[in-house]
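Everything below concerns the one structure shown next.
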Amino acid sequence: MSKSQSDKFKIWSIFRKADFSGKTSLALSTWFGTGLLWVAPGTFGTIAALPLVFAVACLGTVPGVFVIVMVVGVAIWASGRSEELLGHSDPSEVVVDEVAGFLLTMFLLPLSWLTLGLGFVLFRVFDIFKPYPIKQAEKLRGGLGIVTDDLVAGIYAHLCVRLILFFVK
(Lines give C-alpha, C1' and ligand atoms only; values in the text may rest on other atoms or scores of the structure.)
Protein backbone atom coordinates (compact mmCIF):
# COMPACT_ATOMS: atom_id res chain seq x y z
CA MET A 1 0.00 0.00 0.00
CA SER A 2 1.38 3.40 -0.93
CA LYS A 3 2.07 6.03 1.71
CA SER A 4 -0.69 8.20 0.25
CA GLN A 5 -3.27 5.43 0.64
CA SER A 6 -2.18 4.67 4.20
CA ASP A 7 -2.43 8.39 5.02
CA LYS A 8 -6.03 8.35 3.77
CA PHE A 9 -6.85 5.43 6.09
CA LYS A 10 -5.08 7.19 8.96
CA ILE A 11 -7.60 10.04 8.67
CA TRP A 12 -10.43 7.70 9.69
CA SER A 13 -8.58 6.86 12.89
CA ILE A 14 -7.97 10.55 13.60
CA PHE A 15 -11.61 11.32 12.77
CA ARG A 16 -12.91 8.70 15.23
CA LYS A 17 -10.73 10.05 18.05
CA ALA A 18 -11.43 13.75 17.36
CA ASP A 19 -13.88 15.90 19.29
CA PHE A 20 -16.85 17.55 17.58
CA SER A 21 -14.73 20.48 16.37
CA GLY A 22 -12.14 18.12 14.91
CA LYS A 23 -14.74 15.97 13.17
CA THR A 24 -16.39 19.09 11.74
CA SER A 25 -13.10 20.50 10.48
CA LEU A 26 -12.11 17.20 8.86
CA ALA A 27 -15.51 16.81 7.18
CA LEU A 28 -15.43 20.38 5.84
CA SER A 29 -11.75 20.48 4.90
CA THR A 30 -12.03 17.24 2.89
CA TRP A 31 -15.24 18.65 1.41
CA PHE A 32 -17.27 15.79 2.82
CA GLY A 33 -14.75 13.13 1.85
CA THR A 34 -13.84 14.29 -1.65
CA GLY A 35 -10.26 14.94 -0.54
CA LEU A 36 -9.92 11.30 0.49
CA LEU A 37 -9.92 10.12 -3.13
CA TRP A 38 -6.57 8.52 -3.96
CA VAL A 39 -6.12 10.25 -7.31
CA ALA A 40 -6.16 14.01 -7.92
CA PRO A 41 -8.02 15.11 -4.78
CA GLY A 42 -7.60 18.81 -5.67
CA THR A 43 -9.15 18.28 -9.08
CA PHE A 44 -12.07 16.35 -7.61
CA GLY A 45 -12.43 18.96 -4.87
CA THR A 46 -12.78 21.58 -7.59
CA ILE A 47 -15.41 19.48 -9.36
CA ALA A 48 -17.24 18.97 -6.05
CA ALA A 49 -17.55 22.76 -5.77
CA LEU A 50 -19.87 22.89 -8.79
CA PRO A 51 -23.17 22.70 -6.85
CA LEU A 52 -22.02 25.62 -4.71
CA VAL A 53 -20.91 27.54 -7.82
CA PHE A 54 -24.42 27.12 -9.30
CA ALA A 55 -26.07 28.11 -6.01
CA VAL A 56 -23.97 31.27 -5.69
CA ALA A 57 -24.72 32.20 -9.32
CA CYS A 58 -28.45 31.99 -8.55
CA LEU A 59 -28.19 34.15 -5.43
CA GLY A 60 -26.98 37.37 -7.00
CA THR A 61 -24.09 39.65 -6.16
CA VAL A 62 -24.58 40.66 -2.52
CA PRO A 63 -25.68 37.25 -1.20
CA GLY A 64 -22.95 35.68 -3.36
CA VAL A 65 -20.29 37.84 -1.72
CA PHE A 66 -21.68 36.84 1.69
CA VAL A 67 -21.51 33.12 0.82
CA ILE A 68 -17.97 33.42 -0.55
CA VAL A 69 -16.78 35.29 2.56
CA MET A 70 -18.38 32.60 4.74
CA VAL A 71 -16.82 29.78 2.70
CA VAL A 72 -13.40 31.44 2.85
CA GLY A 73 -13.67 31.92 6.62
CA VAL A 74 -14.79 28.35 7.19
CA ALA A 75 -12.08 27.10 4.81
CA ILE A 76 -9.33 28.93 6.72
CA TRP A 77 -10.56 27.58 10.06
CA ALA A 78 -11.19 24.01 8.85
CA SER A 79 -7.90 23.82 6.94
CA GLY A 80 -5.87 25.07 9.88
CA ARG A 81 -7.60 22.77 12.37
CA SER A 82 -7.26 19.77 10.05
CA GLU A 83 -3.60 20.55 9.46
CA GLU A 84 -3.08 20.37 13.24
CA LEU A 85 -5.01 17.11 13.54
CA LEU A 86 -3.26 15.43 10.61
CA GLY A 87 0.17 16.59 11.77
CA HIS A 88 1.60 17.89 8.49
CA SER A 89 1.40 21.11 6.55
CA ASP A 90 -1.00 21.60 3.63
CA PRO A 91 -2.32 18.01 3.55
CA SER A 92 -3.48 16.85 0.12
CA GLU A 93 -6.73 15.64 1.70
CA VAL A 94 -7.71 19.24 2.46
CA VAL A 95 -9.64 20.41 -0.61
CA VAL A 96 -11.95 23.08 0.81
CA ASP A 97 -9.34 25.58 -0.41
CA GLU A 98 -10.05 24.45 -3.98
CA VAL A 99 -13.76 24.97 -3.32
CA ALA A 100 -13.12 28.54 -2.16
CA GLY A 101 -10.74 29.25 -5.04
CA PHE A 102 -13.08 27.90 -7.69
CA LEU A 103 -16.00 29.85 -6.21
CA LEU A 104 -13.90 32.99 -6.60
CA THR A 105 -12.94 31.99 -10.15
CA MET A 106 -16.56 31.66 -11.24
CA PHE A 107 -18.07 34.54 -9.26
CA LEU A 108 -19.95 37.01 -11.50
CA LEU A 109 -19.07 35.13 -14.68
CA PRO A 110 -21.95 34.12 -16.91
CA LEU A 111 -22.45 30.40 -16.38
CA SER A 112 -22.02 28.40 -19.57
CA TRP A 113 -20.09 25.30 -20.60
CA LEU A 114 -17.41 27.63 -21.98
CA THR A 115 -16.95 29.63 -18.78
CA LEU A 116 -17.13 26.55 -16.56
CA GLY A 117 -14.58 24.72 -18.70
CA LEU A 118 -12.23 27.69 -18.97
CA GLY A 119 -12.59 28.52 -15.28
CA PHE A 120 -11.95 24.93 -14.23
CA VAL A 121 -8.87 24.43 -16.45
CA LEU A 122 -7.34 27.83 -15.71
CA PHE A 123 -7.94 27.51 -11.97
CA ARG A 124 -6.31 24.07 -11.87
CA VAL A 125 -3.36 25.29 -13.99
CA PHE A 126 -2.72 28.29 -11.71
CA ASP A 127 -3.24 26.16 -8.59
CA ILE A 128 -0.80 23.47 -9.76
CA PHE A 129 1.95 25.63 -11.28
CA LYS A 130 1.65 28.50 -8.76
CA PRO A 131 3.09 31.49 -10.63
CA TYR A 132 4.10 34.56 -8.63
CA PRO A 133 2.74 35.43 -6.04
CA ILE A 134 0.74 32.23 -5.56
CA LYS A 135 3.77 30.24 -4.36
CA GLN A 136 4.60 32.99 -1.85
CA ALA A 137 1.03 33.06 -0.53
CA GLU A 138 1.31 29.34 0.16
CA LYS A 139 4.08 30.09 2.67
CA LEU A 140 1.68 31.79 5.07
CA ARG A 141 1.10 29.67 8.16
CA GLY A 142 -1.83 27.41 8.89
CA GLY A 143 -5.20 27.61 7.22
CA LEU A 144 -4.50 31.10 5.91
CA GLY A 145 -1.62 29.79 3.78
CA ILE A 146 -3.58 26.76 2.63
CA VAL A 147 -6.48 28.89 1.40
CA THR A 148 -4.78 32.11 0.24
CA ASP A 149 -2.81 30.52 -2.60
CA ASP A 150 -6.05 29.08 -4.01
CA LEU A 151 -7.78 32.45 -3.72
CA VAL A 152 -4.98 34.10 -5.70
CA ALA A 153 -5.17 31.28 -8.27
CA GLY A 154 -8.93 31.92 -8.41
CA ILE A 155 -8.40 35.62 -9.07
CA TYR A 156 -5.88 34.86 -11.84
CA ALA A 157 -8.24 32.33 -13.42
CA HIS A 158 -11.20 34.73 -13.18
CA LEU A 159 -9.28 37.53 -14.87
CA CYS A 160 -8.08 35.20 -17.63
CA VAL A 161 -11.61 33.95 -18.31
CA ARG A 162 -12.81 37.57 -18.50
CA LEU A 163 -9.99 38.40 -20.91
CA ILE A 164 -10.79 35.39 -23.11
CA LEU A 165 -14.51 36.26 -23.12
CA PHE A 166 -13.65 39.84 -24.11
CA PHE A 167 -11.76 38.64 -27.18
CA VAL A 168 -14.19 35.83 -28.09
CA LYS A 169 -17.30 38.01 -28.12
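Restricting 99, 152 to residues that are among the β-branched types (Val, Ile, Thr) and within 15 Å of residue 35 (Cβ to Cβ) narrows the list to 99.
So is residue 61 within 10 Å of the chain's Cα centre (by Cα), β-branched (Val, Ile, Thr) and either surrounded by fewer than 13 Cβ atoms within 10 Å (Cβ to Cβ) or farther than 16 Å from residue 145 by Cα (or both) or not? So residue 61 fails the test.
Scanning the range 141-149 turns up no residue that is at pLDDT below 95, in contact with a helix residue (DSSP H, G or I) (Cβ under 9 Å, 6 or more places away or on another chain) and of a type in the set (A, V, I, L, M). For first residues located in the range 9-23 and surrounded by 11 or more Cβ atoms within 10 Å (Cβ to Cβ), partners that are assigned to a helix (DSSP H, G or I) and among the charged types (D, E, K, R) and lie 6+ apart or on another chain with Cβ distances below 9 Å form the pairs 15/23; 21/81; 22/81; 22/84; 23/16.
With respect to (1) surrounded by 13 or more Cβ atoms within 10 Å (Cβ to Cβ); (2) of a type outside the set (Gly, Ala, Ser); (3) touching a residue at least 24 places away in the same chain (Cβ under 8 Å), the lone exception for residue 148 is condition (3). One residue stands out among those in the range 12-68 that are outside any helix (DSSP H, G or I) and aliphatic (A, V, I, L, M): the one that is nearest to residue 93 (Cα to Cα), which is 37. Residues of the range 105-153 that are closer than 17 Å to residue 42 by Cβ and of a type in the set (S, T, N, Q): 105, 148.
Where helices (runs of 4 or more DSSP H) sit wholly within the range 69-169, those with at least 2 residues that are of a type outside the set (Phe, Trp, Tyr) and in contact with a Cys (Cβ under 9 Å, 6 or more places away or on another chain) occupy 113-129.
The values are calculated or read from the model by the stated rules, or taken from the named source; none is laboratory data. Predicted model only: the values in this text are computed from it and were never measured. No Cβ is skipped: glycine too gets one built from the backbone with ideal geometry, and neighbour counts run over all protein chains shown.
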